[in-house]
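Down below is the structure, laid out as structure tokens.
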Amino acid sequence: MLETAIYQRSEEGATMQTLDEMRDRRLLTDDQHAQIGAWITRARTPEGIMAMPPSLWRKLELASVLMNIDADLSQPPVMSGP
């Protein structure tokens, strides 16, 4: 689920990078970027993220689909090493 993925990425510090990329690709306006980023920062759980206002949630969902975020999240992590 998108909210769980966002929550996990926020725990890893990657959410703002993803939101920045959505804004840079013009999938989110500057205002939507700021509002969604603030909401995710305040949310403490996936359920908290789901309580995002519906208009923002729809924008985030659409941007995620257009960027194919689900496919990225279903890939195993890249292991770096010797």
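Observations on the model:
- Over all other residues within a Cβ to Cβ distance under 15 Å of Gln35, the charged ones net out to 0, with Lys and Arg as +1 and Asp and Glu as -1.
- Each label was represented as a point 7 Å from its Cα along the Cα-to-Cβ direction; for Ala34 and Met16 these points are 1.5 nm apart.
The numbers here are math on the coordinates, done by the rules we state, and not lab data. None of the values given here were measured: they were computed from a predicted structure. Cβ: placed from backbone, ideal geometry, glycine included. Neighbour counts: every protein chain shown.
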